[in-house]
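Engineer: First, the structure itself, so that you have it in front of you.
Read-outs throughout are calculated quantities, based only on the coordinates presented, and are distinct from any laboratory measurement. Here the structure is a predicted model, which means the values were calculated and not measured. Note that each Cβ is placed from the backbone with ideal geometry, even for glycine, and that neighbours are counted across all protein chains shown.
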Amino acid sequence: MSEDDLKRNGPESAEEPAVSSGAGESAGAGNGAGAVSGNDDAATAAASPAGEGESGTGTAQEPEAGAAGAGKAGAAGAAQASDSQESDAEASSAESGAGDTEAVAADPLSEAMATISTLEDQLKRAQASLYNTETEYTNYVRRSKQEAGAHRDSGTLKVIEALLPVLDDVELARQHGDLEGPTGLIAEKVEQILFSTFKVARFGAVGDEFDPEYHEALMNRSSAEATSQTIETLIQPGYTVADKVLRPARVGVVSPE
C-alpha cells in the first residue's frame, strides 16, 4: 500500500493489518495448542497400557496383603480380648473376696459370736487353772498337816525315849520301897503324865508268854515243867506309845524240853 493510500484511508486502514496479524497469531496459537494437546493425548495413550498393567498388579497383590493384615489383626484382637477377660476375672475375684471380707467384718452378729466364743474359751481355761490351783492348795494343806503331825509325834517320841531311863528308876524304886517323900510324889506325877497324856504304857511281867515282837530274850533255858515259852525273869520292862513299841522288854525265857 502506498503512502497515498494511507493518507486517503487514514488510521483505520492502518489498523486492519494489525488485526489480521493478531488473528493470524491467534490461529497459530490455536494450531500450537492443538499440536500440544495431540501430543499429550498420544503420550497418555502410550502410557495407559503400562499404567493399567501396574494397576492390575497392584490390584492382584492387595487381596493377599489384606488377608495377611486381617489375620494379624484378628490374632492381636483375640489376645487383647483374652487378656482383658483375665484382667476382668481377677478384678472380679478380688472385688468378690474383698466384698466377702467386708461383709464378714461388717457383720456385727458374727463379730459378737466370735467374741463370745473367745471369752468362753478364756473362762474355761481360767476355771481349769483355778481348779488346779485349789486342788494343789488342798493337797498342800493336807500334806502340811500330816507332816506337822508326823514331826510332832517324832519329837514326842524322842522326848519319851529320853525319859525311859527315868521311868525305869521310878519302877525300881517302887519295887524296893524307896519311892517315898516329896521326891517319890514328883516321880509318880511325872509317870502319870506320861501314861495319861502321851499314852505311854509299861509292859513285861514274869509268867507272860514270850512274843518276839514285844520281848527281847537275853537268856533261855529248858524245863520239863514248861508247856510253852514263857518269861521267867524280867530284866528290863518295855514301853509302848499308842500301840507302837518304843523299847522291847528284856527278859529271860524258859522253854519246854
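Engineer: Please turn the phi angles of segment 217-223 into ³J(HN,Hα) values with the Karplus equation 6.51 cos²θ - 1.76 cosθ + 1.60 (θ = phi - 60°), one per residue in order, whole Hz, x for glycine and proline.
Structural biologist: Running phi through 6.51 cos²θ - 1.76 cosθ + 1.60 with θ = phi - 60° gives 7, 8, 9, 8, 9, 9, 8 Hz.
Engineer: In the neighborhood of I186, defined by Cβ-to-Cβ distances under 14 Å, what is the net charge if each Lys or Arg adds +1 and each Asp or Glu adds -1?
Structural biologist: Around I186, the charge tally is -3.
Engineer: Under 5 Å between amide H atoms, partner at least 5 residues away or on a different chain: which partners does N220 have, H built in plane at 1.01 Å?
Structural biologist: Answer set, sorted by chain and number: V253.
Engineer: Within a Cβ distance under 15 Å of A224, other residues only, what is the Lys/Arg minus Asp/Glu net charge?
Structural biologist: -2
Engineer: Given R₀ = 45 Å, FRET efficiency for L123-S154 by Cβ-Cβ distance, to 0.05? Can you show the working numbers first?
Structural biologist: Working: r = 46 Å, r/R0 = 1.02.
It comes out at approximately 0.45.
Engineer: Next question. Give the long-range amide H neighbours of L234: residues separated by 5 or more places, or on another chain, with amide H under 5 Å away, using H modelled in the peptide plane at 1.01 Å from N.
Structural biologist: G252
Engineer: Also, quick follow-up: Using the Karplus equation 6.51 cos²θ - 1.76 cosθ + 1.60 (θ = phi - 60°), what ³J(HN,Hα) coupling, rounded to whole Hz, does each residue of segment 186-197 give in order, writing x for Gly and Pro?
Structural biologist: Once θ is set to phi - 60°, the couplings for segment 186-197 become 5, 5, 5, 5, 4, 4, 5, 4, 5, 6, 8, 7 Hz.
Engineer: Label S223 and E111 with points 7 Å out from Cα along Cα→Cβ: what is the distance between them in nm?
Structural biologist: It works out to 10.3 nm between the two label points.
Engineer: How many nm separate the modelled label positions at D169 and R143, each set 7 Å beyond the Cα in the direction of the Cβ?
Structural biologist: 4.4
Engineer: Under 5 Å between amide hydrogens, which residues at least 5 positions from H215 or on another chain qualify, with H placed 1.01 Å from N in the peptide plane?
Structural biologist: A249
Engineer: Step through the residues of segment 160-175 one at a time and calculate ³J(HN,Hα) from phi using the Karplus curve (6.51 cos²θ - 1.76 cosθ + 1.60, θ = phi - 60°), rounding each to whole Hz and writing x for Gly and Pro.
Structural biologist: The phi angles translate into 5, 4, 5, 8, 4, x, 5, 5, 4, 5, 5, 5, 5, 5, 5, 5 Hz.
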